[in-house]
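Single-structure report; data block below.
Throughout, read-outs are computed from the coordinates displayed, never taken from laboratory work. Keep in mind it's a predicted model, so treat the numbers as computed, not measured. Here the Cβ positions follow ideal geometry from the backbone for every residue, glycine too, while neighbour counts run over all protein chains shown.
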Amino acid sequence: MPEILEMIKKYLLSLQQEICAVLKAEDPELKLLEDPWNYPEGGGGITCALTDGKVIEKGGVNFSHVYGKTLPQAATLKRPELANAPFEAMGVSVVIHPLNPYVPTCHLNVRHIIVKTANGPISWFGGGFDMTPYYGFIDDAIHWHKMAKAACDPFGAELYPRLKKWCDEYFYLKHRNEPRGIGGIFFDDLNEEYGFQFMQSVGEHFIKAYLPIVAKRKSHAFTQKERDFQSYRRGRYVEFNLLYDRGTLFGLQSGGRTESILMSLPPIVNWKYNWLPEKGSEEEKLYKEFLVPKDWI
């Protein structure tokens, strides 16, 4: 493996360990199960399943490095010329579903893909982070997007506005006509020379973005009413991941490890028929003030 690939792999493994460590420090009762696995065509990964914490109800911090004979359709929709080409992919994927409805769900993914073509290898970086609150706080939304912007700023002033817009458009449930959350940044097909450095910046700022919010909100009092709304809104998360998410589809289409791929799903979900929030309620406030694309900073 060329030196740069070794550096990327080493970084991704260290990022996985760092995120697990900071989450455990924030939630000492959290159970972390490390589960190594092998991929049939080559490579494998380490799933770190998170369960039964006082703060984190369920989550995962997954590392994977796999080889395949055919690039999955999820990665070739915009690059049909790469269909049927062998590939190598590595990345870290994080999803956190907190117990307290006032702590938002969050997601991080950073990845690197190489495709072998007749004209030589083609590689790119992708990923980003986004946040899905159940009860919105303006201060949290501003902090989240400030950190997203800080991750982008060293690489050009135009990057954050472009990746924020991309995130708003990507994490949109077309069948519901609503955003999944308040966004963040999203990127794909990034093959600029700063790609690896940007991947590291995204990982660093994800931790800076999320941990202060967890610390601030984890002791917020809640009732069963808020838990019920949380489980209802989690349904939107499930719908997006199973219908649209490229990472989930890539993993399933490539024959990846199902348990690791579906670690992104929440533990308790509830769908209600034709449900609408009460007028003037905090639940309605989420829809009107937070589930709308806007410039937070």
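Pairwise Cα distances in segment 158-297 exceed 19 Å in 64 percent of cases. Charge tally around GLU283: other residues with Cβ under 14 Å, Lys/Arg +1 each, Asp/Glu -1 each, net +2.
Charge tally for MET147 (other residues, Cβ to Cβ under 10 Å; Lys, Arg +1; Asp, Glu -1): +2.
When only the Cβ of Lys, Arg, Asp and Glu is charged (+1, +1, -1, -1), the dipole of segment 3-290 relative to its Cα centre reaches about 500 debye. To the nearest ten degrees, helix 195-217 and the longest principal axis of the Cα atoms of the chain are 20 degrees apart. Stretching the chain fully between ALA83 and GLU282 yields a gain of 66.9 nm (0.36 nm per residue, less the alpha carbon separation). Using the Cβ-Cβ distance between THR70 and LEU5 with R0 set to 22 Å, the FRET efficiency from 1/(1 + (r/R0)^6) comes to roughly 0.60. Charge tally for GLU88 (other residues, Cβ to Cβ under 13 Å; Lys, Arg +1; Asp, Glu -1): +2.
Any chance you could give the angle, 0 to 90 degrees and rounded to 10, that helix 3-26 forms with the longest Cα principal axis of the chain? Orientation of helix 3-26: about 20 degrees from the principal axis. Using R₀ = 22 Å, calculate the FRET efficiency as 1/(1 + (r/R₀)^6) where r is the Cβ-Cβ separation of GLU239 and TRP166; round to 0.05. About 0.60, to the nearest 0.05.
Extension gain, GLN17 to LYS216: 0.36 nm times the residue separation minus the Cα-Cα distance gives 69.3 nm.
Phi angles of segment 241-248 translate, via the Karplus equation with coefficients 6.51, -1.76, 1.60 and θ = phi - 60°, into HN-Hα couplings of 5, 7, 9, 10, 4, 5, x, 4 Hz per residue; Gly and Pro are given as x.
What the pair-distance distribution of segment 38-177 shows, using all Cα-Cα distances binned every 5 Å from zero, is 2, 8, 13, 17, 18, 17, 14, 8, 3, 1, 0 percent. Checking the table LYS9/LYS149; LYS216/LYS285; LYS10/LYS294; LYS9/LYS58 against a 30 Å threshold on Cα-Cα, which pairs fail? In this structure, LYS10/LYS294 lie more than 30 Å apart at Cα. In the chain, helices alone account for a calculated mean residue ellipticity at 222 nm of -12000 deg cm²/dmol, with every DSSP H run of four or more residues adding -39,500 (n - 2.57). In this label model, GLU289 and ASN274 are separated by 3.0 nm, measuring between points 7 Å along each Cα→Cβ vector.
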